[in-house]
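Trainee: Pasting in a structure now, in structure tokens, and then I'll have a few things to ask.
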Amino acid sequence: MALSKLNNLYRAVILDAAQNPHHKGEIKGATNKMTLHNPTCGDTVNLQLKVDSGGKIADVGFTGDGCTISQASASMMSDAVLGKSREEALEMAKIFSDEAIGKKHSADELAKLGDAQALTSIMQFPARIKCATLSWWALTRALEKDGSDDSASSQTKE
């Protein structure tokens, strides 16, 4: 019974993030941008970051269309990385991506993801993995591109 209540809580958190997304919209003065498209289902995320001179994510915004999971993930990811250093954000994206491919992390590492750790329950549904990871891949590519604007279709490592 406890597992059922936890799954219901995760569903409620995910639905709330999709219906009331944080950081949805374009930001002014973005230093890093990335657009990724998932051709399998049509999800698109346009991520913009403002990384300050100290290497911290000072602002984050996203636009795009997609399913509930995709939009919730973008919102939760945005909340999680705001105020983090580039290195911290990349570590968080790696933890999230590792979970998507079945590599487990400790509870302490998962806690770094904030509410986004609720999305790791989606990983039991292979068809939804791309939806959940799209914004995290955009984050990684935006930070690795070091400020350049780019667009791409997501590629899976399945």
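The values are calculated or read from the model by the stated rules, or taken from the named source; none is laboratory data. Every value quoted in this text rests on a predicted model; they were computed, and no experiment measured them. A quick note on method: Cβ atoms are made from the backbone with ideal geometry, for glycine too, and the neighbour counts reach across all protein chains shown. Just so you know, the surface numbers come from the protein's heavy atoms only, side chains and all, with ligands and any DNA or RNA stripped out. Shrake-Rupley method; radii C 1.70, N 1.55, O 1.52, S 1.80 Å.
Trainee: Quickly run through region 82-125 and pick out the residues that are in contact with a strand residue (DSSP E or B) (Cβ under 8 Å, 6 or more places away or on another chain) and not in a loop (DSSP other than H, G, I, E, B).
Mentor: SER85, ARG86, ALA89
Trainee: With (1) modelled with pLDDT of 80 or more; (2) among the aliphatic types (A, V, I, L, M); (3) closer than 16 Å to LYS33 by Cβ as the list, and ALA118 as the residue in question, which single condition is left unmet?
Mentor: Among (1) modelled with pLDDT of 80 or more; (2) among the aliphatic types (A, V, I, L, M); (3) closer than 16 Å to LYS33 by Cβ, ALA118 violates only (3).
Results for (1) more than 11 Å from the chain's Cα centre (by Cα); (2) outside any loop (DSSP other than H, G, I, E, B); (3) at negative phi; (4) not β-branched (Val, Ile, Thr), shown as yes or no for each residue.
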| residue | (1), (2), (3), (4) |
| --- | --- |
| THR35 | yes, yes, yes, no |
| VAL45 | no, yes, yes, no |
| LYS50 | yes, yes, yes, yes |
| GLY54 | yes, no, yes, yes |
| ASP59 | yes, yes, yes, yes |
| ILE69 | no, yes, yes, no |
| SER73 | no, yes, yes, yes |
| ALA80 | no, yes, yes, yes |
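Trainee: When you check ASP52 against the structure, is it open to solvent by 60 Å² or more (accessible area, probe 1.4 Å) and modelled with pLDDT of 95 or more, yes or no?
Mentor: yes
Trainee: Cβ contacts < 7 Å: first residue under 14 Å from LEU113 (Cα atoms) and open to solvent by less than 10 Å² (accessible area, probe 1.4 Å), restricted to region 132-148; second residue part of a loop (DSSP other than H, G, I, E, B) and at pLDDT 95 or above, any location; separation 6+ or different chain. Result?
Mentor: Going by the 7 Å Cβ cut-off, there are no qualifying pairs.
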